[in-house]
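Since the structure comes first, as structure tokens, the remarks are kept for the end.
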Amino acid sequence: MYYEELRSTIKERKFAPLYIFEGAEEYLIEFCIGEIKKALVEEWSEMMNFKSFTELPPVSEAGDFMETLPVMSERKLVVFRKCGLFSGNIKNRAQWEKLFENVADFNCVIIWENAPEKGKKAGPVRKAAEKGGAVVVEFPLRTEANLRSWVAKIVAASGKTIDVKNASYLINSLDRSMQSIKIELEKIIAFSKAPQITKEDIDSVIVKPVTENVFGLIDAIFDGRREICFNLLYTLRSLKQEPVSILSLLSNQLITIYHAKLHLLSGMPHSKVASTLGGGYSVEKCTRKAEKIKLENIQTLVSLCCECDRKIKQGLLSGWAALETIIAEYKYY
């Protein structure tokens with residue numbers, strides 16, 4: 001099940017006894033927990049019918065609460081927020097397994113944990129929960145179209161407007177997390193004096209994540225705009241970023257661009273390239289960049305990054321000097 005379907009069931013007041021929430025979009029997870037709480041728990045009955053755990057409680061405490069009937073209500077709500085329930089070394093594992101295999105219908109239990117890593121099997125407590133009928137709800141990052149619509153609604157509620165181009169610019173300047181976007185958008189709305197949000201408003205307020213500055217660095221290097229490159233390095237340095245981490249991120253993105261270029265040259269469509277390389281915002285952006293850059297230019301820059309990395313490890317260059325060398329020695333053609 002995905003977020004949209006869960007929202008429909010909440011509106012219809014159809015609740016499962018047990019849910020597993022997982023995914024990168026934590027803003028929506030918190031939003032849905034809040035919506036379920038509003039639907040199930042009256043404010044006056046919170047002490048008797050609602051529990052929220054941010055650390056793993058004694059299994060007896062959780063069990064006692066889940067096994068007693070709700071007070072003057074149809075349901076109890078229990079939320080486990082990243083308590084480590086699905087970790088391999090959980091204490092009293094057998095008791096937790098038994099608890100989640102038999103959740104009473106008068107409960108609504110939400111377990112919020114990370115999904116198993118790719119290629120790894122689910123842990124025993126998660127398996128027990130799934131065996132007990134848990135509904136797994138996924139909350140992936142929203143598409144750009146979804147986010148544009150959401151941004152426009154927030155801006156409209158403030159009495160201002162934002163066009164599609166600037167909404168996209170804002171979204172792609174941040175990490176695609178709704179919480180990050182909302183925080184920055186509220187600051188932009190407060191900052192902007194005009195009825196319409198502009199690119200200048202956005203640039204005046206937001207602090208772009210390291211990945212965006214690195215993407216900007218790649219653009220500027222490939223375009224031969226050395227002054228912009230050095231300005232970006234200064235920005236990254238002022239943000240107290242580690243140069244070796246920047247070089248690693250730069251190299252990883254370049255390698256993704258390189259693989260995307262090879263796939264594109266083989267005739268693979270853009271959408272299939274992005275999914276083949278793992279999908280996600282960063283991969284999509286690398287694929288778009290690969291469409292515009294010559295293969296030999298990518299290979300040259302990858303080789304330069306590898307050479308500078310080798311010199312850092314040999315003590316021949318400092319991290320910042322290595323990044324400056326890449327900018328100075330790359331020859332655009």
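The values are calculated or read from the model by the stated rules, or taken from the named source; none is laboratory data. This one's a predicted model, so the numbers in the text were calculated from it and none came from an experiment. As a convention, Cβ positions derive from the backbone with ideal geometry for all residues, glycine included, and neighbour counts pool all protein chains shown.
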Restricting the range 267-291 to residues that are at pLDDT 80 or above and hydroxyl-bearing (S, T, Y), the one surrounded by the fewest Cβ atoms within 10 Å (Cβ to Cβ) turns out to be T276
Enumerate the pairs (first residue in the range 187-200 and in contact (Cβ under 8 Å) with a residue 12 or more places away in the chain; second residue anywhere and of a type in the set (F, W, Y) and surrounded by 11 or more Cβ atoms within 10 Å (Cβ to Cβ)) with beta-carbon separation below 8 Å, excluding pairs fewer than 6 apart on the same chain, so at least 6 apart or on different chains.
K199/Y169
Selection from the range 66-80 of residues that are free of Cβ contacts under 8 Å to residues at least 40 places away in the same chain and either surrounded by fewer than 18 Cβ atoms within 10 Å (Cβ to Cβ) or assigned to a loop (DSSP other than H, G, I, E, B) (or both):
E67, T68, L69, P70, V71, M72, S73, E74
Scan the range 85-105 residue by residue and report those that are in a loop (DSSP other than H, G, I, E, B) and surrounded by fewer than 16 Cβ atoms within 10 Å (Cβ to Cβ).
S87, G88, N89, K91, N92, N102, A104, D105
Name every residue in the range 42-57 that is surrounded by 15 or more Cβ atoms within 10 Å (Cβ to Cβ), assigned to a helix (DSSP H, G or I) and aliphatic (A, V, I, L, M), in order of residue number.
M48
Would you point out which residue out of A156, A167, A152, A220 is out of contact with any helix residue (DSSP H, G or I) (no Cβ under 7 Å at 6 or more places or on another chain), farther than 21 Å from E26 by Cβ and outside the structural domain of I10 (by TED's automatic domain parsing)?
A156
Which condition breaks for E67 when tested against (1) over 20 Å from V135 (Cβ atoms); (2) in contact with an Asp or Glu (Cβ under 8 Å, 6 or more places away or on another chain)?
(2)
